[in-house]
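Step one of this worksheet: look at the structure below.
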Amino acid sequence: MKTIPAVQFRHLKEFRFWLIGIAAGIAAIHLTLTWRADNVDLFGSSLLFFLAVVSLLRDRQTPLKLDSGISASGIGIVLITFVLVRSVVMPSKVFLLLSPLLAALGLALLASGFNGLRQYYRELTVLFFLGAPQALVPPLVDTTGITAKFATLVLWYLGFKVSRDGLNIYLNSGAVEVYPGCSGIEGITYLLSLAGLFLVMFPMNWFKRGLTLLVAVTVAFVVNGMRVALMAHLVASSEMEVFQYWHKGDGSLIFSMISVLLFGACCWGLNQHEQVAEQDVDDVDDLADSDTLELQEP
């Protein structure tokens, strides 16, 4: 039997220690930058997603394979160095959204090389959903016009005399213009991030995965449309103080909380349905096994 020298175990432990230290340092820098940027939503999301990554790493049933080559280690060091250097300069919002993924990819390459990236796919997927939806979707998708149409429909359904011209919503005593900031795209990308985290932590079939993403988009869009309809009514009623509360004050946070709670309830229902379905399958398998044993008895 071939024995491995104790010095190799010592080097392996030291290597893991340095990887953990680098990861913790980068996470601390990221949280500090988001806090200084007054981005409370990203700070809370980052803390939640980092804890999810730690949980995934701790719950592994098989140990990680730490074996990297020169080229993979070089690329990993370049990515980590880029994140650290870019953090010193005034970081942009897009960088703050994508830096955890870039740093994690660099650490994975440094630890396990190209062949070992696959064992980190869940952790990398979590960090992808942390920032990628908010960084990539808004420049490509504009829901301002659809939001204006939906808010107009809500007001008409509630009995108001309302009309619309482009992005302008007209009521009897006033009008409001729907700006891109009120389009709801930020709420949609935020719930998409939470949906990605939910799907990684609670695996489902492909149909329910697509349904979860669809529910995230729908809930965020509908709740924001209701908020825009409310603000249009407040402007038409000349209640500007109340309008400011729901537009930029704590009222806007209340609508965000409603979106998260509704989406969380939908995810809980899907997860419960998945558990019931799995239990039914297990019961059927147990029944089939018991019938087989009975048939085999003399």
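Please treat every number below as a calculation from the coordinates, not as lab data. These numbers were taken from a predicted model, which means no experiment stands behind them. Please note: Cβ atoms are built from the backbone with ideal geometry, for glycine as well, and neighbour counts cover all protein chains shown.
Taking the Cβ of each residue in T144, T62, T81 as the centre, tally the other Cβ atoms inside 10 Å and list the residues starting with the fewest.
T62, T81, T144
R164's amide H: which non-local residues (gap 5+, or another chain) put their own amide H closer than 5 Å, with H modeled 1.01 Å from N in plane and none for Pro or chain starts?
Answer set, sorted by chain and number: Y170.
Grab the DSSP H runs of the chain that are 4 residues or longer, score each as -39,500 (n - 2.57), total them, divide by all residues and round the 222 nm result to the nearest 500 deg cm²/dmol.
The helix contribution divided over the chain gives -26500 deg cm²/dmol.
For a quick size check, give me the Cα extents of segment 7-132 along its three principal axes, largest first, whole Å.
46, 29, 23
Assuming a strict under-30 Å limit between Cα atoms, what lysine pair count do you get for the chain once near-sequence pairs (fewer than 8 apart, same chain) are dropped?
Taking the Cα cut-off of 30 Å, the pair count is 9.
Which one, L158, M204, V94, projects farthest toward the positive side of the charge dipole computed for the chain from Cβ point charges (K/R +1, D/E -1)?
V94
Could you compute Rg(Cα) / (2.2 N^0.38 Å) for segment 88-165, with N its residue count?
1.81
Seen from all sides and averaged, what is the projected area of the convex hull of the Cα atoms in the chain, in nm²?
Dividing the Cα hull surface by four gives the mean projection, 24.3 nm².
From the Cα gyration tensor of segment 144-293, with a ≥ b ≥ c the square roots of its eigenvalues, which class applies: rounded if a/c is under 1.5, or else prolate if a/b is larger than b/c, or else oblate?
It is prolate, given that a/c is not under 1.5 and a/b is the larger ratio.
With charges only on Cβ, +1 for K and R and -1 for D and E, what is the dipole size of segment 7-132 about its Cα centre, in debye, rounded to 20?
Dipole about the Cα centre, nearest 20: 240 debye.
Select from the chain the helices, each a whole stretch of DSSP H, whose alpha-carbon atoms run 15 Å or more along the helix axis and whose Kyte-Doolittle mean is at least 0.0; answer none if there are none.
6-36, 40-58, 70-88, 93-112, 121-140, 144-157, 185-201, 206-236, 250-296
Exposure proxy check: S45, S99, S87 ranked by fewest other beta carbons within 10 Å?
By the 10 Å Cβ count, ascending, the order reads S87, S45, S99.
Report, in debye and to the nearest 20, how large the dipole of the chain comes out about its Cα centre when Lys and Arg carry +1 and Asp and Glu carry -1 on their Cβ.
It comes to approximately 1580 debye.
Treat the count of other C-beta atoms within 10 Å as a stand-in for reagent exposure and order F263, F17 from fewest to most.
F17, F263
Only Cα pairs within less than 10 Å get springs; with that Gaussian network setup on the chain, which residue of V83, V162, V215 has the largest fluctuation?
Judging by the Gaussian network model, the answer is V162.
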